[in-house]
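What follows is a single structure, written as structure tokens, with notes after it.
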């Protein structure tokens, strides 16, 4: 019998108050994969990531991690198991320094014991953050803030890194740098679940993708299949 996927989202229904946002949504992410969620604004992509992270628990369905249900676990416990979310808009603490923001990513016990080593790893990956370590995070450029947000997530020693619109508001050059960072993390063994507005770039670095429309799975397939699909090309890639 084959091993279960690292992450399995199984027919989840998610609500904000009385408003249902996700309807029976299902997909998987295998160990060592980059999987991208595609869809227009408001399709439910961010809600999906928040449901996996424990910030918006589903009312129905299941989320399984390494074969075990995590639906009943709070967000902190999911982080301890290796799930990290880089949220849309970065959500840094602007009045804290870069170093303080990074250190806050190592809040659970396992990560705290390795915080110094992981901080050095983040500084090696993002030399600009070392230069800005004592600077207030709120004074950073957009690209530097995104580096800090990714670095903060890496401080928790994740197995699954979820990135929500990491290139939002960045210049084309910085978008390429962020995508190169994702590729480097994947090459280093990281499993990545990516929500990205630059759909062409997302399909270039992902192995598989799932298209979400109005809270439901519309299509799933390999990146090559989705990139060649006339419907996807017309609706999302402008081709």
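Based on the Kirkwood radius over alpha-carbon pairs, what value in µm²/s does the Stokes-Einstein equation return for the translational diffusion coefficient of the range 117-210 at 20 °C and 1.002 mPa s?
Answer from the Stokes-Einstein relation: 156 µm²/s.
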Simple SL model, points at 7 angstrom along Cα→Cβ for residue 2 and residue 213; separation in nm is 2.7 nm
Radius of gyration and maximum dimension Dmax of the chain, Cα, Å: 17.4, 52
What is the order of 47, 222, fewest Cβ neighbours within 10 Å to most? 222, 47
In the chain the DSSP beta bridges are antiparallel at a rate, in percent to nearest 5, of 55 percent
Cα-derived Rg to Rh of the range 94-134, Kirkwood definition: 0.97
Taking the Cβ-Cβ separation of residue 71 and residue 229 as r and a Förster radius of 22 Å, what is the calculated FRET efficiency to the nearest 0.05? 0.10
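Here, each number is a calculation from the coordinates, and none is a lab measurement. Because the structure is a prediction, the values reported are computed rather than measured. Glycine gets a Cβ as well: all are built from the backbone with ideal geometry, and neighbour counts include every protein chain shown.
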